[in-house]
1. Multiply the residue gap between Glu141 and Ser110 by 0.36 nm, knock off their C-alpha separation, and tell me the result in nm, one decimal place.
2. Enumerate the amide H contacts of Ala261 below 5 Å, restricted to partners 5 or more residues apart or on another chain; note that Pro and chain-start residues carry no placed amide H.
3. Taking the Cα centre of the chain as the origin and placing charges on Cβ (Lys, Arg +1; Asp, Glu -1), which of Leu354, Thr116, Asn2 is farthest toward the positive end of the dipole?
4. Whole-Hz Karplus ³J(HN,Hα) for segment 375-387, in order, using 6.51 cos²θ - 1.76 cosθ + 1.60 and θ = phi - 60°, x for Gly and Pro?
5. Using modelled amide H (1.01 Å from N, peptide plane; none on Pro or chain starts), what sits under 5 Å from the amide H of Glu344, excluding residues fewer than 5 places away?
6. With the alpha-carbon atoms as the only input, what is the per residue convex hull volume for segment 89-130 in Å³?
7. Going by a ≥ b ≥ c, the root eigenvalues of the Cα gyration tensor, does segment 1-56 fall in the rounded group (a/c under 1.5), the prolate group (a/b larger than b/c) or the oblate group?
8. Using Stokes-Einstein with the Kirkwood hydrodynamic radius over Cα pairs, what translational diffusion coefficient do you get for segment 95-205 at 10 °C and a viscosity of 1.306 mPa s, in µm²/s rounded to a whole number?
Amino acid sequence: MNAPVRVIGAGLAGSEAAWQCARRGIRVELCEMRPARSTAAHQTDYFAELVCSNSLKSDRENTAPWLLKEELRRAGSVLIEIAHACAVPAGHALAVDRTAFSRKVTATLSQEPLVTVIREEVTRIGEDQITIIATGPLTSERLSQEIARLTGSAQLYFYDSISPIVEADSIDTSKVYRAARYQRGTADYINCPLSREAYERFYDALVAAQSVEKKDWEKLNYFESCLPIEEIARRGRDTLRFGPMKPVGLKDPRTGQPPYAVVQLRQENLRADSYNLVGFQNHLRFGEQERILRLIPGLENARFLRYGQMHRNTYINGPLLLRQTLETKSNAQIFFAGQICGVEGYVESIATGLLAGMHAACRVEGIRSEGPPRASALGSLVHYVTQADARNFQPANITFDLLPALSVPVRDREQRHRLQCRSALEEFDRWLEELNPAMRT
Ligand SMILES: Cc1cc2nc3c(=O)[nH]c(=O)nc-3n(C[C@H](O)[C@H](O)[C@H](O)COP(=O)(O)OP(=O)(O)OC[C@H]3O[C@@H](n4cnc5c(N)ncnc54)[C@H](O)[C@@H]3O)c2cc1C
């Protein structure tokens, strides 16, 4: 009997990878260090914990995040299936009850006879066992050193941050309103409108607030799409109004006009008893967060279930180290998946977990496998991770920028995206049809 595939990290990527092996009859050892050792962001011992937002992004047809999820649905992703089973209302987005979601992933994998769960921190990587490293942006320090040794590269990291969550019944509903931007989809978001005066007061307090540590902020290497609000604010008085506090398309029913600025709150769980402040990741001291966020109309008496935080983000230099199958160039037994391989985001992590699991299963079975087609969202992600400029490599989300241009230019954006999605799915289906019969599913 073949040795089991070792999957290190039962996060989003590792859980999906383990399932993809098991569903093909391959034994798996799934190693997770929590609860014995946790990370700065995880709060439970569940698998696939969503550490910040509860959103798996847009599920509106012909958007890039939809395309990625659609490919995952077609490829039989268990995590996306569970996400649908645990969905909460969030307009066009697929958002989940985070506790129900990770509980269900944990139960599914724990009950799978081919998966043996080992709850311990892995610090060494055996180079003669098929191994998927999926330990995420908060990989433990000792394993990071081992990965640095294995890959011959110095550790790479930058800084990201997470948004606060408030209790629903602490929101003053007389001051807020429900609306979807441009009235698209259902009005699932709570909007806290700010007048010019309220915005100015909030802005001044924010830029004067104390951060957790006295760091030289200019030198921190942030991921641009996850900047802390205080950092965005420092870039200009109105920058927040063009970013997370953008009011356009969000008419206040009391005035019939969009407010000067707005803070949006998104439902966190099925019980709808908690909401997160969308895009309000920050790194302020907890007391400062309470004081400043309570300046937002409707949140004057908000009770915080979680404060914003900043964290380190670990990833390898994919373009230097990985092949299209997500195995390392130096050792075909070692695969990387999830954020550590150079993607950013929950669904992107699930996607690379699915691929690493499929390829590892092929390796056990002695089947030659190819990466997904370049035209697909999965193929484009892999292309980015393995072919981007290695000198300035940073993890990326799926966007249409990563997909190849159409052979014939199309000016209309919606039409172009529709055609890109159609071509992506046609090629993706062909790839699946060729791959699946060779593998046990
Ligand atoms: C604080 C924070 C906020 C984020 N917010 C968002 C967001 O809002 N939306 C979004 O799309 N993405 C977000 N991301 C980015 C990313 O999508 C998530 O981190 C995602 O969970 C990555 O999936 P993963 O499977 O790669 O890692 P994870 O889900 O973090 O899983 C890695 C697992 O490996 C375990 N582990 C680590 N080291 C070891 C070891 N040595 N031995 C055994 N187990 C180990 C960890 O305990 C963890 O369970 C955020 C990241 C962080 C850190």
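1. On the way: separation 31, 0.36 × 31 = 11.16 nm, distance 2.65 nm.
Difference between extended and current length: 8.5 nm.
2. Those lying under 5 Å, H to H, from Ala261 are Leu194.
3. Working it through, the farthest residue towards the positive pole turns out to be Leu354.
4. Along segment 375-387, the couplings run 5, 7, 5, 4, x, 5, 4, 5, 4, 4, 4, 9, 10 Hz.
5. So Glu344 has HN proximity to Ala396, Asn397.
6. Numbers: hull volume 6.3 nm³, N = 42.
Hull volume over Cα atoms, normalised by residue count, gives 150 Å³.
7. Details: a/c = 3.95, a/b = 1.74, b/c = 2.26.
Judged from the Cα gyration tensor, segment 1-56 comes out oblate (a/c at least 1.5, b/c at or above a/b).
8. On the way: Rh = 19.8 Å.
Calculated translational D: 80 µm²/s.
None of the figures in this text is laboratory data; all of them are computed from the coordinates on show. Being a predicted model, the structure only gives us computed values, none of them experimental. Reconstructed Cβ throughout: ideal geometry from the backbone, glycine too, with neighbour counts over all protein chains shown.
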